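Everything on this sheet refers to the single structure shown next.
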Amino acid sequence: MSEEKRDFITITLKSGHRKSIMRHHPWIFSGAIAGFIGKPTSGETVLVRDSFGEFVAWGSYSPKSKIRVRVYSWHEGEMINRNFFERRLLKAIDYRKQVIDLKKVNSYRMINAESDGLPGLVVDKYDNVIVMQVLSAGIEKWREVIADLLMKITGVTNIFERSDVEVRKLEGLPIRKGNLRGNVPEDLIKIEENDLMFLVDIREGHKTGFYLDQRENRRTVQDISFGKHVLDCFSYTGGFTLAALKGGAASITAVDSSTSAISLAKQNLQINGFDSNKVNFIVDDVFTSLRKFRDRGMKFDLIILDPPKFAPTINLVERASRGYKDINLLAFKLLNQGGKLITFSCSGAIDPELFQKIVAGAALDAGVNGRISKRLFQGVDHPVSLSFPDGLYLKGFVINID
Ligand code: SAH
């Protein structure tokens, strides 16, 4: 039987639970479901009806996750088939053509999951290799079709899968990593960003290999680094360090706890032909390093704090807030008069307002007065759908202190 003709399993919502979904928020939690007609399998496309039996949406079923259904479409006539995925992929790629100068940027996020109407699908492009990450049972079911479509649409022949993330366990999906299409060479991939080159390890690197979401913010750092003594905390493979060097920084201290990240940062310095004497790479815990710098009376003109996600879930917000406050307080104390702090949080559970409060508290305790000269967010290729505010995770401030 063709996908178009068969009967779909129906999920009925409890009364009073259609409001959020009618505003096109794409998640239906298990608690909103009154019952089923039929028994859906993992990732199966289901028909969602309200308590009056009216059509609400098409979605994919995740038997293990609290997010039981992820919505694909709010149009009753829209079939969830190969053409549907092709349309969504084309829309997402067309958006990138609008917002990024693809002559200058060869690596970017091509598909940003829910915000591109494809819940659970992340696709990043690194030069001529695509890295795909499957985070939902629904996308898992369509994974081969999507891989074929990506090849057809982009002309890219090498697709690597990085479905090796913990959240897949919540979906009841196995960890998977390896070639999905073609044969991706073992070598590091060289990408270009803001007239800089970076080596990316798509196999072992964080996320899909690189923090593509900071591209525009690295540009901001480049623009304000001239002649500055810079401290790049949580430097990873040197994204902000290289941006500061490009911008003419006088010196840079880069700290990260990962030996492999720092070693790749050193290679990145080399391939761009920068003077390695300008950079002091330190493998250490940032919480410890900042205290050492304070005890030695060291000072900087520009400090960047780009820590990992301190609050992976909502119940860790309080502990995370203390972590953010600690590093921001120490950083404020290490700044010269007139210095700048660029501070980020990539925890989705901490919204910009709360983050501002934490940073303000840190400044107060450090005894400094600051002004927000710029607000920063994840890059344009990591869009936030209007109906999915949860998609905003990365926020930051440039703070000029007195
Ligand atoms: N700024 C980077 C991305 C930072 S990601 C860029 O633009 O590419 C966060 C980094 O923090 C990772 O490299 C991780 O190794 C490092 N890290 C995590 N916890 C740390 C800690 N306590 N001290 C130092 N580094 C840490």
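Miscellaneous remarks
- Test set (1) small (Gly, Ala, Ser); (2) over 20 Å from the mean Cα position of the chain (by Cα); (3) within 12 Å of the ligand (Cβ to nearest atom); (4) outside any helix (DSSP H, G or I) - Gly227 fails condition number: (3)
- Against the conditions (1) outside any helix (DSSP H, G or I); (2) open to solvent by less than 10 Å² (accessible area, probe 1.4 Å), Ile327 satisfies every one except (1).
- Considering only residues in segment 27-61 that are closer than 15 Å to Glu76 by Cα and assigned to a loop (DSSP other than H, G, I, E, B), the one that is least open to solvent (accessible area, probe 1.4 Å) turns out to be Asp50.
- Search result, residues across segment 237-281 that are more than 8 Å from the ligand (Cβ to nearest atom), among the polar types (S, T, N, Q) and open to solvent by less than 10 Å² (accessible area, probe 1.4 Å): Thr241, Asn268
- Yes/no for Glu144 being surrounded by fewer than 24 Cβ atoms within 10 Å (Cβ to Cβ) and either in the same structural domain as Asp381 (by TED's automatic domain parsing) or assigned to a helix (DSSP H, G or I) (or both): yes
- The condition of being modelled with pLDDT of 95 or more, over 20 Å from Lys14 (Cα atoms) and open to solvent by 30 Å² or more (accessible area, probe 1.4 Å) holds for Glu86.
- The residues of segment 185-224 that are open to solvent by 10 Å² or more (accessible area, probe 1.4 Å) and part of a strand (DSSP E or B), listed by number, are Ile189, Lys190, Glu192, Met197, Leu199.
- Gly339 vs. criteria touching a residue at least 40 places away in the same chain (Cβ under 8 Å), out of contact with any Cys (no Cβ under 6 Å at 6 or more places or on another chain) and surrounded by 17 or more Cβ atoms within 10 Å (Cβ to Cβ): yes
- Scope segment 225-236; condition open to solvent by 20 Å² or more (accessible area, probe 1.4 Å) and farther than 19 Å from Gln267 by Cβ; matching residues: Phe226, Gly227, Lys228, His229
- Residue check, Asp284 under 22 Å from Ala243 (Cα atoms), crowded, with 20+ Cβ neighbours inside 10 Å and modelled with pLDDT of 95 or more: no
- Subset of segment 163-217 that is hydrophobic (A, V, I, L, M, F, W, C) and closer than 22 Å to Lys66 by Cβ - its residue that is nearest to the ligand (Cβ to nearest atom): Val165
The values are calculated or read from the model by the stated rules, or taken from the named source; none is laboratory data. Bear in mind that the values here come from a model prediction, so they are computed numbers and not experimental data. Please note: Cβ atoms are built from the backbone with ideal geometry, for glycine as well, and neighbour counts cover all protein chains shown. Accessible surface areas use protein heavy atoms only, side chains included; no ligands, DNA or RNA. Shrake-Rupley method; radii C 1.70, N 1.55, O 1.52, S 1.80 Å.
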